[in-house]
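Here's the structure we're looking at; comments come further down.
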Amino acid sequence: MLNKSLDSNIQAANDAMPAGKPVTNPLPPLQDRHGRTFDYVRIAVIEQCNLRCTYCMPEEGVQFKEKDMVLSTDEILRTVELLARMGVRKVRFTGGEPLVRPDIVDIVARTVATPGVKAAHLTTNGLLFPKYAKALREAGLHGVNISLDSLDEGKFEEITRRSGLNKVLESIDLAVELGFPRVKINVVLMRGFNEDELIDFCELTKDKPITVRFIEFMPFDAHQIWESGQHFASAADLCGQIERRYPGITTASGTRTEHHIYQAPGYAGKIAVIPAFTRSLCGNCSRIRVTADGNIMNCLYSEQPYHLKDLMRQGASDDDIVALFRQAYDEKYKDGFEAKKAASIAAKINVSDINRSRASMTQIGG
Ligand code: SF4
């Protein structure tokens with residue numbers, strides 16, 4: 001398997017970000033006891049979604065948080081402002097489906113205008129993107145990740161339980177056309193389902209300046225298909241298939257998450273493989289997660305929430321909120337395995353505050 005030094009990868013990615021307005025009152029960076037610095041936040045702005053993907057939630061959906069239980073616009077922007085003072089430079093909005101939230105364009109514009117923020121990104125399923133694309137670009141959105149798990153109409157409907165493949169494909173081309181500096185496709189790669197489309201997806205990078213990212217399947221599917229144990233394909237396996245198909249393929253620059261990233265000879269775009277379940281990328285973790293209902297999650301596999309929204313609604317000061325983030329990352333485990341182990345132990349001894357209600361990725365924010 002080809003590997004390129006991660007530092008030059010990350011440096012190249014950071015250099016590519018716009019400058020952003022300088023922070024006037026900086027705070028010490030957010031770090032953990034394992035020497036990692038956290039400069040990237042993923043904020044889920046809603047749990048609702050207009051799709052019902054089988055690797056995320058059942059047809060009937062999940063117990064979605066009501067509007068008043070979800071972070072308000074001002075609470076989101078206050079979070080962004082404080083994190084930017086602590087060195088966060090990249091903000092990603094996720095969901096559910098963030099374009100379902102009516103004020104998403106305003107949230108993006110105010111985030112881009114926040115001192116310290118270099119780039120705002122969004123992860124969408126692409127169905128509503130044509131409606132908001134121009135406004136998001138004008139608001140200064142830097143990157144769009146579009147989730148797409150099959151190029152076959154029938155399989156698209158089987159996995160999302162909705163129609164709309166052509167709309168999503170149209171959104172990918174529109175994002176390139178409108179000049180978003182970062183356009184990526186997120187593909188959850190599942191054995192026995194879309195693994196046979198691996199090369200078809202790679203071929204999308206031949207003429208399009210996009211990054212196709214294959215993400216390992218993860219156990220956040222509301223107990224639907226993961227437990228069958230039949231659908232996991234490892235990053236190592238996928239990398240092997242890609243390297244065999246494209247002799248002479250080289251490594252390329254990408255983000256910390258894009259642990260394995262390539263460019264096929266003469267191709268305009270890049271191919272990345274993300275070991276989200278293998279968790280071989282934890283040593284370089286830089287992610288902060290805030291769920292739609294306003295909890296800080298210091299790891300995808302952690303079940304220990306830190307109650308940001310409650311603290312804000314109790315009238316907490318900026319210092320109190322900063323202290324909560326520092327506590328959350330001071331208590332972060334070295335990797336997703338330890339976080340998962342701690343969660344299982346907590347579940348066994350039935351620690352009350354551990355919320356096991358986040359069985360679906362839409363309740364974590366991806
Ligand atoms: S599993 Fe946890 S520690 Fe590892 S990269 Fe993901 S969020 Fe970071």
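The values are calculated or read from the model by the stated rules, or taken from the named source; none is laboratory data. Everything numeric in this text was worked out from a predicted model, so none of it was measured. Every residue, glycine as well, gets a Cβ built from its backbone with ideal geometry; the counts of neighbours run over all protein chains shown. SASA here: full protein model, heavy atoms, side chains in, ligands and nucleic acids out. Shrake-Rupley method; radii C 1.70, N 1.55, O 1.52, S 1.80 Å.
Numerical summary
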read-out: Residue count for segment 311-349, restricted to those that are of a type in the set (Asp, Glu) and under 15 Å from Pro28 (Cβ atoms); value: 3
read-out: Residues within segment 194-239 that are in contact with a Pro (Cβ under 7 Å, 6 or more places away or on another chain) and on the phi < 0 side of the Ramachandran plot, tallied; value: 4
read-out: Long-range neighbours under 7 Å by Cβ, at least six apart or interchain, first residue surrounded by fewer than 19 Cβ atoms within 10 Å (Cβ to Cβ) within segment 127-141, second assigned to a helix (DSSP H, G or I) and among the small types (Gly, Ala, Ser); value: Pro130/Ser171; Gly140/Ala109
read-out: Residues of segment 72-126 satisfying the condition of being under 18 Å from the mean Cα position of the chain (by Cα) and assigned to a loop (DSSP other than H, G, I, E, B); value: Val88, Arg89, Gly95, Gly96, Glu97, Arg101, Val117, Lys118, Asn125, Gly126
read-out: So Leu308, is it away from the ligand (no atom under 12 Å from the Cβ) and in contact (Cβ under 8 Å) with a residue 60 or more places away in the chain; value: yes
read-out: Any chance Thr362 is among the β-branched types (Val, Ile, Thr), under 23 Å from Thr73 (Cβ atoms), within 14 Å of the ligand (Cβ to nearest atom) and open to solvent by less than 10 Å² (accessible area, probe 1.4 Å); value: no
read-out: Any hit, segment 287-298, residues being open to solvent by 10 Å² or more (accessible area, probe 1.4 Å), within 14 Å of the ligand (Cβ to nearest atom), touching a residue at least 12 places away in the same chain (Cβ under 8 Å) and at negative phi; value: yes
read-out: Qualifying residue in segment 230-243 (condition: in contact (Cβ under 8 Å) with a residue 60 or more places away in the chain, outside any helix (DSSP H, G or I), of a type in the set (A, V, I, L, M) and surrounded by fewer than 20 Cβ atoms within 10 Å (Cβ to Cβ)); value: no
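Yes/no per residue for (1) touching a residue at least 60 places away in the same chain (Cβ under 8 Å); (2) open to solvent by less than 60 Å² (accessible area, probe 1.4 Å); (3) of a type in the set (Gly, Ala, Ser):
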residue	(1), (2), (3)
Asn25	yes, no, no
Phe38	yes, yes, no
Arg42	yes, yes, no
Glu59	yes, no, no
Arg85	yes, yes, no
Val91	no, yes, no
Gly95	yes, yes, yes
Leu99	no, yes, no
Asp103	no, yes, no
